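Contents: one structure, followed by commentary.
Just so you know, all these numbers are worked out from the coordinates, no wet-lab data involved. What you are looking at is a predicted structure, and each value in this text was computed from that prediction instead of being measured. Note: ideal-geometry Cβ built from the backbone for every residue, glycine included; neighbour counts use all protein chains shown.
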Amino acid sequence: MQFSSALNLAALAGTVFLGQASAWSFTMYNANGCDNSTMQTLSSDHVEHTGNVACDPVPNPAQHKSVLGNIPAGSNCRVSFYPSKGCNNRIAFALTQYTTTCLSVADFVAPLAYYKATGCEGV
């Protein structure tokens, strides 16, 4: 009986671990250069999802100056940023598995207020 319980616990832990590992995310910072200061929780907004997103708002868009993405390697997932609601206008830029460095968003005329994730099925 203990072996069965241990096996069920191991399967649950594996499912939770694999689910977290395959999520995509991005962090938007209120400082240039994706400042990872001791006050990170107060100076950044972290978004994490699995799968596609039609068009969701970015938290606190007017405060952000840089962004760092975490898109799983080997995926076709693409997280695109837009200045206005609906995500139907021109894309400001997008994060992919190849975007692994900090990007500046301080020079955009309008804040990157919305994001859309495509090709993220199974991620």
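Hey, rough spin-label estimate for residue 76 and residue 96, points 7 angstrom out along Cα→Cβ, what's it come to in nanometres? My value for the distance between the label points is 1.2 nm. Rounded, prolate or oblate for the stretch 82-123? Axes are the square roots of the Cα gyration tensor eigenvalues, ordered a ≥ b ≥ c, and the cut-off for rounded is a/c under 1.5. Oblate, because a/c is 1.5 or more while a/b does not exceed b/c. Between residue 118 and residue 54, the simple spin-label model (points 7 angstrom out along Cα→Cβ) gives 1.6 nm. Karplus-based coupling profile of the stretch 112-117, in residue order and whole Hz: 7, 8, 9, 9, 9, 10, with θ = phi - 60° in 6.51 cos²θ - 1.76 cosθ + 1.60 and x standing for Gly or Pro. Applying 0.36 nm per residue to the separation of residue 85 and residue 109 and subtracting their alpha-carbon distance, the gain on full extension is 7.1 nm.
Averaging the sequence gap over all C-alpha pairs within less than 8 Å and six or more residues apart, then dividing by the number of residues, gives the stretch 34-123 a relative contact order of 42 percent. Under 18 Å from a label point 7 Å along Cα→Cβ of residue 62: give me every residue in the stretch 85-101 with its amide N that close. Answer for the stretch 85-101: 85. The shape of the stretch 28-123 comes out oblate: with a ≥ b ≥ c from the C-alpha gyration tensor, a/c is at least 1.5 while a/b does not beat b/c.
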